[in-house]
Every structure is written in structure tokens, then in C-alpha cells.
1. Mind checking the dipole of region 63-153: about its Cα centre, +1 per Lys or Arg Cβ, -1 per Asp or Glu Cβ, Debye to the nearest 20?
2. Between Val22 and Ala79, how high is the FRET efficiency from 1/(1 + (r/R0)^6) when r is the Cβ-Cβ distance and R₀ = 30 Å? Nearest 0.05.
3. Please identify, among Arg15, Arg56, Arg135, the residue showing maximal mean-square fluctuation in a Gaussian network model of the chain using a 10 angstrom Cα cutoff.
4. How much length, in nm to one decimal, is gained on full extension between Asp90 and Ser145, taken as 0.36 nm per residue of separation minus their Cα-Cα distance?
5. Mind checking which of Thr94, Thr125, Thr76 has the largest fluctuation in a GNM of the chain, springs on alpha carbons under 10 Å?
6. Given charges of +1 on the Cβ of Lys and Arg and -1 on the Cβ of Asp and Glu, with all other atoms neutral, how large is the dipole of the chain about its Cα centre, in debye to the nearest 20?
7. Within the chain, what is the longest stretch that has no GluC sites (Glu not before Pro) placed in a DSSP loop and near at most 13 other beta-carbon atoms within 10 Å?
8. If each Cα of region 40-154 is one equal point scatterer, what is log10 of I(q)/I(0) from the Debye formula at q = 0.13, 0.16, 0.17 Å⁻¹?
Amino acid sequence: MPRTLPGRFGAVPGRCALEQVVEHQDIEALPEDLGERIDAWEGDEDDLDEDAVLYRSDLSTAPGWKAGGFARWHGTGPAAVTCSCSREMDPVLTVASQEWDHGSRSWIPLEDRLTADAMDANIPTQVTVGRWGSRHVFACPADASHAPRLSFQG
Ligand SMILES: [Zn+2]
């Protein structure tokens, strides 16, 4: 059950477990022809049933807190994050306001499925970033001493 621990400057995140998942690049960051093939594979949105598996919501970037993986660019669209040494930086941490939402329920951990509809079940950390957005931290792949960069997706 989520809990919030009192801290000197407010609350600190509740304790959570990490699990490994497989995710794929945000569709907006894929080559255009591949994105079009995925769109064709998904079919017409109006013809889908509610259990349909969609690349964007079920197979692409996992919502919620994560270490590594791919950035979700739902707020701004894809953007290159470049280090001062000119290398493209890697997402190393995502702090998210929700672990899942109505459109990303396939990412609910198996152990949380029975309680997934309980109030605030999708915010076990009790952390909200901006107005229910997420914060990505990027790091240089060549030199960890290079300054990290941040991205906010609202
Ligand atoms: Zn660098």
C-alpha cells in the first residue's frame, strides 16, 4: 500500500519495487516509414475494441518511474538531448506522476492488478511532477561527470 513519509521539506516518495520490462522507442522518434507501418498494423482507431494492443499505449514507452529505457515525448514531441561534448544523451531516470493511466493499463504490474482501481493505486510514490507530468534525467553516455540535462513532459 502506498504511504507517504514525512520529511523536512514535505513528503518523500513511498517505497516501491523495481521490475524489469521491455519497451520500445516512442513512435514519434521512429523513422517516419516505420511509424506509418505501425499505424497500419494498429488499424483504424474507431474499429478497435477496448482490449486491442496498441503500440503507443501498450508496447512503446512504459509510463511511470523508471531507470533507463526510452523517454516519453507526449508533451513536446521528440527532441535531441545533447551533451556539452556534442554526444546524444541517454535517458537514465524518469520521475513520473503516475505509474499508469486509463490508456496505459497494460503496464500495471501483475501484483497490482487486483487493487489497480483503488484510489491513488497508480501513484504509489505520492509524487506529482508539475501538473501530472514527468521529468526525465539524461546523462552523457561517454562521461558521467558531464552535467545531466532535464526534460519535462506535461
Ligand atoms: Zn558528454
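1. That gives a dipole near 260 debye.
2. 0.80
3. The residue that fluctuates most here is Arg15.
4. 18.4 nm
5. Thr76
6. 1440 debye
7. Maximal segment without exposed cleavage sites: 51-154.
8. So the normalised log intensities are -0.59, -0.83, -0.91.
The values are calculated or read from the model by the stated rules, or taken from the named source; none is laboratory data. Just so you know, these numbers come straight off a predicted model, no measurement behind them. Cβ coordinates were reconstructed from backbone atoms using ideal geometry, including for glycine residues, and neighbour counts include every protein chain displayed. Keep in mind that these areas ignore ligands, DNA and RNA; they rest on the heavy atoms of the full protein, side chains included. Shrake-Rupley method; radii C 1.70, N 1.55, O 1.52, S 1.80 Å.
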